[in-house]
Amino acid sequence: MQHGPVVRRRKLGEELRNLRHGSGLTSRDAAHLLGWHQSKVSRIETGASGVSPEDVTRLLDLYAVRDAQLRALLEVLAGSAGGGGAGWWHAYRGLIPPQYRDFISLESQADTVRTLETSVVPGLLQTAGYARAVTRASLDGLPADHLDSLVEVRLTRQRVLRAKPPLRFTAVLDEAVLHRRVGGPEVMRDQLDHLTQVAQLPHVQIQLLPFSVGGYVGLTSPFVIFSFPNISDLDVVVLDHLTSSLYLERKEDLEAYGSAFRTLQAHALSPDGSLDLIDAIRCGLR
């Protein structure tokens with residue numbers, strides 16, 4: 001379990017080491033050809049230090065990596081692993097904590113996100129009114145301008161669903177999420193309408209766990225699984241707590257949570273059945 005940037009650096013380093021091995025070069029060879037100290041290559045490969053996107057490009061050129069998608073992923077990954085570069089969220093660094101920025105960074109690089117949510121609608125699916133109500137409730141006493149900025153961050157995150165290619169997003173939601181009247185009936189009606197609309201997107205799937213399921217794995221611990229193109233070893237599970245987040249990246253953890261998510265999907269209503277339940281809950285708000 002590690003903090004986001006450390007996970008990114010370590011995984012980036014592992015991939016660069018694998019690519020170096022594939023090229024037939026030793027770390028001494030690579031350092032000599034690039035005019036670096038061997039210790040720099042070692043620190044990069046162990047995740048002990050960050051690496052700039054420019055240095056990643058030089059390494060990929062040296063290792064004759066031609067896969068454009070792989071190159072782009074590793075270069076962007078370098079920017080989020082403490083080696084330079086900045087995403088849009090860095091403009092809010094004085095407002096949002098480092099762990100939230102790490103989460104957004106992972107979200108922006110992933111090609112697939114799977115999430116179990118037991119209490120609130122996932123951030124990528126929230127309306128402005130719902131996001132405002134959730135933020136106000138969870139951060140009591142927040143100044144109005146800070147509240148506006150945090151809602152703006154939440155909505156800006158949703159760009160990944162409109163990107164080309166878009167993020168593939170699968171959410172399993174406890175039925176209780178849709179009965180909790182966050183912001184009041186009007187806000188919830190708008191939110192349920194929005195869920196129905198966004199569920200029509202081919203890259204978004206929403207399934208509900210009805211109350212009739214009873215207990216299930218993850219009932220007390222919602223989680224998010226980030227998966228990345230080309231390199232399954234970069235996948236990360238994030239467990240969110242009140243004051244911190246845990247990043248799980250061991251193969252055993254990834255397999256366990258992947259299996260748990262498949263089990264949840266099997267017990268949940270189908271996407272069409274879930275839409276029917278959403279509509280029924282919405283009608284009950286009238």
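Structural remarks
- Just one of the listed residues (Arg101, Arg136, Arg162, Arg132) is in contact with a His (Cβ under 8 Å, 6 or more places away or on another chain), open to solvent by 40 Å² or more (accessible area, probe 1.4 Å) and more than 24 Å from Cys283 (Cβ to Cβ), namely Arg101.
- Odd one out for Leu277 among (1) assigned to a helix (DSSP H, G or I); (2) among the aliphatic types (A, V, I, L, M); (3) within 18 Å of the chain's Cα centre (by Cα): (3)
- Some residue of the range 138-153 being out of contact with any helix residue (DSSP H, G or I) (no Cβ under 7 Å at 6 or more places or on another chain), within 27 Å of Gly273 (Cα to Cα) and not in a loop (DSSP other than H, G, I, E, B): no
- Residues in the range 53-75 that are surrounded by fewer than 18 Cβ atoms within 10 Å (Cβ to Cβ), at pLDDT below 80 and aliphatic (A, V, I, L, M): Ala72 only.
- Total residues in the range 237-274 satisfying the condition of being of a type in the set (Gly, Ala, Ser) and outside any helix (DSSP H, G or I): the figure is 4.
- If you go through the range 186-199 and keep only what is farther than 11 Å from Leu125 by Cβ and exposed (fewer than 14 other Cβ atoms within 10 Å of the Cβ), you end up with just Glu186.
So that you can scan it fast, the table gives a plain yes or no per residue for (1) crowded, with 18+ Cβ neighbours inside 10 Å; (2) within 15 Å of the chain's Cα centre (by Cα):
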site	(1), (2)
Leu167	yes, yes
Gly184	no, no
Leu201	no, no
Val204	yes, yes
Pro210	no, no
Gly218	yes, no
Phe226	yes, yes
Tyr257	yes, yes
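- Pairs meeting the criteria (first residue in the range 50-73 and in contact (Cβ under 8 Å) with a residue 60 or more places away in the chain, second residue among the aromatic types (Phe, Trp, Tyr) and buried (at least 16 other Cβ atoms within 10 Å of the Cβ), beta carbons under 7 Å, at least 6 apart or on different chains) are Leu73/Phe228.
- The condition (being buried (at least 20 other Cβ atoms within 10 Å of the Cβ) and either touching a helix residue (DSSP H, G or I) at 6+ places or on another chain (Cβ under 6 Å) or more than 20 Å from Gly184 (Cβ to Cβ) (or both)) is satisfied by just one residue among Ala110, Ala91: Ala110.
- When the range 14-49 is filtered for residues that are closer than 21 Å to Pro229 by Cα, open to solvent by 60 Å² or more (accessible area, probe 1.4 Å) and in contact (Cβ under 8 Å) with a residue 12 or more places away in the chain, the ones remaining, listed by number, are Arg17, Gly22.
- Unmet requirement for Asp253, which otherwise passes all of (1) farther than 15 Å from Leu116 by Cα; (2) without any contact (Cβ under 8 Å) to a residue 40 or more places away in the chain; (3) touching a Leu at 6+ places or on another chain (Cβ under 9 Å): (3)
The values are calculated or read from the model by the stated rules, or taken from the named source; none is laboratory data. Nothing here was measured: the structure is a model prediction, and the numbers come from that model. Using ideal geometry, Cβ is built from the backbone for each residue, glycine included, and neighbour counts are taken over all protein chains shown. Surface accessibility is based on the protein's heavy atoms, side chains included, excluding ligands, DNA and RNA. Shrake-Rupley method; radii C 1.70, N 1.55, O 1.52, S 1.80 Å.
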